[in-house]
1. Mind checking the angle between helix 2-27 and the chain's longest principal axis? C-alpha axes, 0 to 90 degrees, to the nearest 10.
2. Send over the Kirkwood Rh of the chain, from the inverse of the averaged 1/r over different Cα pairs, rounded to one decimal Å.
3. Could you run the Karplus curve 6.51 cos²θ - 1.76 cosθ + 1.60 with θ = phi - 60° over the range 52-68 and give me ³J(HN,Hα) per residue in whole Hz, x for Gly and Pro?
4. Using a cut-off of 13 Å between beta-carbons, work out the net charge of the residues near G37 (Lys and Arg +1, Asp and Glu -1, G37 not included).
5. When the helices in the chain are scored as -39500 (n - 2.57) per DSSP H run of 4 or longer and the sum is shared across all residues, what 222 nm value do you end up with, to the nearest 500 deg cm²/dmol?
6. Could you give the nm distance between label points at E26 and R80, where each point is 7 Å from its Cα heading toward the beta carbon?
7. Explain nothing, just compute: Karplus ³J(HN,Hα) = 6.51 cos²θ - 1.76 cosθ + 1.60, θ = phi - 60°, for every residue of the range 73-87 in order, whole Hz, x for Gly and Pro.
8. Excluding same-chain pairs closer than 8 in sequence, count the lysine pairs in the chain whose Cα atoms lie under 16 Å apart.
Amino acid sequence: MKDLMGLMKQAQELQKRMQEAQEQLEAEEVTGESGAGLVRVTLSAKGEMKQIELDPSILVASEKEVIEDLIMAAHNDAKRKTEEVQARVMKDAAGGMPLPPGFSFPG
């Protein structure tokens with residue numbers, strides 16, 4: 001019975017750490033860039049887009065497709081960074097406990 005109580009306590013502690021990790025991911029932001037900084041996209045570490053910044057020098061109608069490509073590239077850069085932050089935060093929250101490959105916590 002002591003083992004069951006200990007296991008329940010560990011599960012509750014893990015659940016608390018996971019909730020704190022989710023809150024940290026919501027608060028933390030990452031920025032992706034493209035075009036040597038001409039386009040910047042900021043996302044929360046959970047992947048929600050927060051801001052897009054375009055350098056005025058690229059706002060030329062004839063460059064519409066280039067601008068669209070730069071926005072996509074900046075978003076993809078930011079998204080890659082969010083995945084790195086998520087992995088770090090969740091690893092810390094799990095307290096070093098190994099997680100199965102591909103495992104992600106609901107957000």
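Computed from the coordinates by the stated procedures, all read-outs in this text should not be read as laboratory data. Note that this is a predicted model, so its numbers are computed, not measured. Counting neighbours? That spans all protein chains shown, and the Cβs are built from the backbone with ideal geometry, glycine included.
1. 10
2. 15.9
3. 10, 10, 10, 5, x, 5, 9, 7, 10, 3, 6, 9, 3, 5, 5, 4, 4
4. With Lys, Arg at +1 and Asp, Glu at -1, the neighbours total -3.
5. About -19000 deg cm²/dmol.
6. With each label placed 7 Å out from Cα toward Cβ, I get 2.9 nm.
7. Karplus values, whole Hz, x for Gly and Pro: 5, 5, 5, 5, 5, 5, 4, 4, 5, 5, 5, 5, 5, 4, 4.
8. 7
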